[in-house]
1. For the stretch 133-146, which positions are over 8 Å from the mean Cα position of the chain (by Cα) and of a type in the set (D, E, K, R)?
2. Could you identify the single residue in ALA236, ALA257 that is among the aliphatic types (A, V, I, L, M), touching a Gly at 6+ places or on another chain (Cβ under 6 Å) and under 30 Å from LEU300 (Cβ atoms)?
3. Looking at (1) over 26 Å from LEU28 (Cα atoms); (2) outside any helix (DSSP H, G or I), which is the only condition LEU59 fails?
4. Just give me the residues in the stretch 24-71 being of a type in the set (Val, Ile, Thr) and open to solvent by 20 Å² or more (accessible area, probe 1.4 Å), in sequence order.
5. Looking for whichever is aromatic (Phe, Trp, Tyr) and either under 22 Å from ASP265 (Cα atoms) or within 25 Å of the chain's Cα centre (by Cα) (or both) here; the options are TYR306, TYR340. Which one fits?
6. Looking at the stretch 48-62, I want the residues that are closer than 17 Å to LEU32 by Cβ and have a partner that is of a type in the set (Gly, Ala, Ser) and surrounded by fewer than 17 Cβ atoms within 10 Å (Cβ to Cβ) with Cβ atoms under 6 Å, at least 6 apart or on another chain. Which pairs are those?
7. I need every pair where a residue in the stretch 241-265 that is at negative phi and part of a helix (DSSP H, G or I) has its Cβ under 9 Å from the Cβ of a residue that is β-branched (Val, Ile, Thr) and open to solvent by 30 Å² or more (accessible area, probe 1.4 Å), sequence separation at least 6 or different chains.
8. On the basis of being open to solvent by less than 40 Å² (accessible area, probe 1.4 Å), among the hydroxyl-bearing types (Ser, Thr, Tyr) and closer than 29 Å to LEU272 by Cβ, does THR185 make the cut?
Amino acid sequence: MKRLILGIALLGLITNHLNAQVHQLENLHTFLAEIINEDDQRLIWVVYYEIAVAHENALDFDSAMYYYNVQMTHTKKHFKDTAQTRLTAKVYQNIGVMHLNKGELDQSLAYADSSIDLFMNLERYNDVALVEGNRAQAYIKKGQPEVAISIHEDLLNLADGLDDEVRANQLRESAYSNISDVYSTQGDWSRALIYAKKNLEFAKTDEGKGIAHMNLSNAYGQLKLNDSALYHIQTADSLFTPLKNPFYRYTVDVNLAEIYHIKGDYEAELPLLDNIESLSTQYDDVQGLYFATNARGRTLGLLGQYTAAKENLLRAEKYANELPNKTYLRTTLQNLAEVYARNKEYRLAYEYGDQFYQLDSALKVTEKTMALDEMLTRVESEKKDRELAEQETELTKKALENRILFIVLGAVLLLTVLFYYLYRSRKRAELQKALITEQE
């Protein structure tokens, strides 16, 4: 959702022709037809990007790739020199993100590498940091979080070598934020908290500080330190509000709603869920609609408002069936079973409980299989690394042996030449002596 909303926000800053539903393909194509013959080539470039992302969000990846290629052709035709290089790098970056979302990790890394090379040539280190973040995500999905962390540590080393302290601190801010995210992904909330604090030290803008406070809130919340979590998300809210960015509004409300639910402050939670549903409806965000209806149903059930609770949870079930991640459906089935049981509708409670049990069992098998696959992938990767190390060691050993052999042969040759020279000198001296004797 972040990528979609931020893209829409960017396009909204450029033109007022598009309304709140700009992300819909029909509106994008209509708008493209209106501007295609105008001179604003950058605006046309952005619209191609939005069309590609819209297809990507609809899981129509072939069409998305087609429009990324159109965008690339447009870049080469209408932009020159530095602008062409920068926009080409952006296209590579976006294609890499698409492959990342598809789970095509090696292709994602290949496009990310191409993008980073171009951005490095332009010394656009902030863009490098963004793409490195995508590379890190790919390695996380590969089951190699340690590689993801090393990527961001490399950015910290790059920052240490920069003369421009402002740029260096921007890189540090990005790296610490991303390392915190990696540890969050791994559920290592103590380390996530440490790096979120480092992130806050280098954050200079209100947006950067808000993101750091949001990461701190997540970590404190997971560590069951709810008062600290609430303080930091409220601080983030105060920093984000003037920015009027819908993504930040959505994210803050989600975090606040969860904190208030854990604290049992349902009166504060429910209005936030209304805001989340309204914003998600505006942007056709199914995941946001799922979160709002599922959380509202769960809370209303705890308040004894069973009719409203069931209505919300049944809507959440419908949204969950539209989402590829079936853990959402598992959660809603469990909530439905609990609400029906509290309302003494035991037959329906049993039916939803049975569905929950079957899905839970299937997901656990899948999760174990994925964990096994990740372990095998990691073992295979480590095996290849060992083989490469052994090959390098063998090559180094052979190179050393060859060098020693060369030195020995050189020494033998040198001694041979020396002995031959001494032999010739001795013979020449004997001959001269014999000649002198004969002359006498």
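The values are calculated or read from the model by the stated rules, or taken from the named source; none is laboratory data. Because the structure is predicted, anything quoted here is derived from the model rather than measured. Note that each Cβ is placed from the backbone with ideal geometry, even for glycine, and that neighbours are counted across all protein chains shown. Side chains are part of the model used for accessible areas, which takes the heavy atoms of the whole protein and leaves out ligands, DNA and RNA. Shrake-Rupley method; radii C 1.70, N 1.55, O 1.52, S 1.80 Å.
1. Listed by number, the residues that qualify are LYS141, LYS142, GLU146.
2. Just one listed residue meets the conditions, ALA236.
3. Going through (1) over 26 Å from LEU28 (Cα atoms); (2) outside any helix (DSSP H, G or I) one by one, LEU59 breaks only (1).
4. Residues of the stretch 24-71 of a type in the set (Val, Ile, Thr): 30, 35-36, 44, 46-47, 51, 53, 70.
THR30, ILE36, VAL70 - these are the residues of the stretch 24-71 that are of a type in the set (Val, Ile, Thr) and open to solvent by 20 Å² or more (accessible area, probe 1.4 Å).
5. TYR306
6. What qualifies is HIS55/SER63.
7. Cβ pairs passing all conditions: TYR248/ILE211; TYR248/THR241; ARG249/THR241; VAL252/THR241.
8. No; evaluated as a whole, the condition is false for this residue.
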